[in-house]
Amino acid sequence: MPSRRQRKVSELLHREISQLLQHETRDPRLGFVTITGVEISPDLREAQVYFTTLDDTEAEHTLAGLARASGYFRSQLARSLSLRHVPELTFKLDTSLEHGLRIDSLLDTLKAEREANENPSNPETDN
């Protein structure tokens, strides 16, 4: 479980990186990117930044653009934040939405099968 300090720094990084993406970047690969979360290590030196894109086919290009811009993000964060150490940023595609949709689909399938087994169609009563 993250400490209070980790949560605060994660929220701060989330907000600041989102602002940088929205207002400061000019890379066309970073067009429709949403930062979904930030997980930071206990020593506050490494941060995993999770993102989603509007178009899943562009996710690899977006990841390359974010990785290339990580140094720029760190330098901007160092200027705007009062942290002793600005963490190393590692960007990762957030697949939790797809995972959740897959689980919902499986649950719907199970529910439909259960209802079919509980209410079988009886050919003798259909006449």
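The values are calculated or read from the model by the stated rules, or taken from the named source; none is laboratory data. The shown structure was predicted, so the numbers you read here are calculated from the model rather than taken from an experiment. Please note: Cβ atoms are built from the backbone with ideal geometry, for glycine as well, and neighbour counts cover all protein chains shown.
Would you point out the residue of region 1-36, among those that are buried (at least 17 other Cβ atoms within 10 Å of the Cβ) and among the charged types (D, E, K, R), that is farthest from Asp94 (Cα to Cα)?
Out of the qualifying residues, it is Glu16.
Answer yes if at least one residue in region 77-94 is modelled with pLDDT under 90 and either at positive phi or under 16 Å from the mean Cα position of the chain (by Cα) (or both), and no otherwise.
Yes, region 77-94 contains at least one residue that is modelled with pLDDT under 90 and either at positive phi or under 16 Å from the mean Cα position of the chain (by Cα) (or both).
Inspect all residues belonging to region 73-83 and state whether any of them is charged (D, E, K, R), in contact with a strand residue (DSSP E or B) (Cβ under 8 Å, 6 or more places away or on another chain) and part of a helix (DSSP H, G or I).
Yes: region 73-83 contains one or more residues that are charged (D, E, K, R), in contact with a strand residue (DSSP E or B) (Cβ under 8 Å, 6 or more places away or on another chain) and part of a helix (DSSP H, G or I).
Please tell me if Ala69 is surrounded by fewer than 16 Cβ atoms within 10 Å (Cβ to Cβ), at pLDDT below 95 and among the aliphatic types (A, V, I, L, M).
When the stated conditions are applied, Ala69 does not pass them.
Out of the residues in region 37-62 that are touching a helix residue (DSSP H, G or I) at 6+ places or on another chain (Cβ under 9 Å) and in a helix (DSSP H, G or I), state the one that is surrounded by the fewest Cβ atoms within 10 Å (Cβ to Cβ).
Asp56
Looking at region 1-29 only, could you name the residues that are under 17 Å from Gly71 (Cα atoms), under 17 Å from the mean Cα position of the chain (by Cα) and in contact (Cβ under 8 Å) with a residue 40 or more places away in the chain?
Leu13, Glu16, Ile17, Leu20
So Leu97 ticks every box in (1) touching a helix residue (DSSP H, G or I) at 6+ places or on another chain (Cβ under 9 Å); (2) in a helix (DSSP H, G or I); (3) not small (Gly, Ala, Ser) but one. Which box is left unticked?
Exception for Leu97: condition (1).
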